[in-house]
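Take a look at the structure below.
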């Protein structure tokens, strides 16, 4: 068979490609938005990389002209600068720290170097035996969040014993409020 002239072959090939692309058109149209977004994101990221590269080169040039000072700003503190003493305690063993996160921390007064003066409340508690639920839960070591997590499993009598114990020892308002509210909800059921 003889070969067709070059122009005819070119036209037939273009027609076949046009037919194939027309058949792929529904799928290709669905992919166009994703392709456009992808290419736009690529262009934006490349521009950001170029800008960052220019800033780094500018920083290097400025540092060679004006060397940086090795001063530490007054407001900057680092781990090695921080004093390792425990937080100061009030006379009844509570932290002096204010704020919402102070409620979630637990400080053992015996672990501090400053010995707080025992209050009348603590002296009375030292003579009385704590309820069994206190030792069972290790109540003295619980933070407010840990106590909140365990309240659902306690009976009303245990809650009342914990509230009385808290009132007789540390009398921390958030702990007393939490226990009182749980007692109220449990008795209302």
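Across the range 145-186, the fraction of Cα-Cα pairs farther apart than 14 Å, rounded to a whole number, is 40%. Directionally averaged projected area (the range 1-70, Cα convex hull): 10.7 nm². Taking only the Cα atoms of the range 31-75, the radius of gyration and Dmax are 18.6, 56 Å. The gain in end-to-end length when the residue 53 to residue 149 segment is fully stretched comes to 29.5 nm, 0.36 nm per residue minus the alpha carbon separation.
Values in this text are rule-based calculations from the coordinates and carry no lab data. What you see is a predicted model, and the numbers here were worked out from it, not measured in a lab.
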